[in-house]
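In what follows, a structure is listed as structure tokens, so that the remarks can point back to it.
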Amino acid sequence: MITIKDLYNVLSAMVPLYVAMILAYGSVRWWKIFTPVQCSGINRFVSVFAVPLLSFHFISTNNPYMMDGPFILADTLSKLAVLLALATWVKLSPNGSLDWMITLFSVATLPNTLVMGIPLLSAMYGQFYGGL
């Protein structure tokens, strides 16, 4: 049963992330605080430094021998199923292409786990999630 406290924990983890995204969108779109050149610089910083460092920190503190086996198996099988479905689409459809296959596979199977997933796992399971 999901309690009000559980809902509060999840929302308190998600709301700050979405508020930051809405403020960032508004600062560019409505309030014109940042120029496109500045946005390009921020995007470059995030893609070259911030996300790789966050990924490195998460991967380096994770113990792969303590990860949940069924979780890894389910994740692997779901990605293989998506890959097989997309490969079939590319082979049989005249509109299918390798570029679209790669794009759709990335969108379907590589979610923004580091930015959204870690706070949500912490909120839902506390420190007991063990990094998966």
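Taken together, the values in this text are just the output of simple stated rules run on the coordinates, not laboratory data. In this text, all values refer to a predicted model and were calculated from it rather than measured experimentally. Every residue, glycine among them, receives a Cβ derived from its backbone with ideal geometry; neighbour counts consider all protein chains shown.
Quick notes
- Over the chain: helical MRE at 222 nm, DSSP H runs n ≥ 4 each giving -39500 (n - 2.57), nearest 500: -22500 deg cm²/dmol
- Förster-model FRET efficiency, 22 Å R0, Leu98 and Ser47, C-beta, rounded to 0.05: 0.40
- For the pair Ala81 and Ala108 in one chain, pulling the backbone fully straight at 0.36 nm per residue adds 8.6 nm over the alpha carbon distance.
- Rg/Rh for the chain stands at 1.04; both radii use Cα atoms, and Rh follows the Kirkwood definition.
- If R0 equals 22 Å, the separation of the Cβ atoms of Ile118 and Asp6 corresponds to a calculated FRET efficiency of about 0.80.
- Under 18 Å from the Cα of Lys5 - aspartates and glutamates, other chains or at least 8 residues apart: none
- Between Val37 and Leu17, the FRET efficiency from the beta-carbon distance, with R0 = 30 Å, is close to 0.70.
- Lysines with Cα under 20 Å of Lys91, excluding same-chain neighbours fewer than 8 positions away: Lys79
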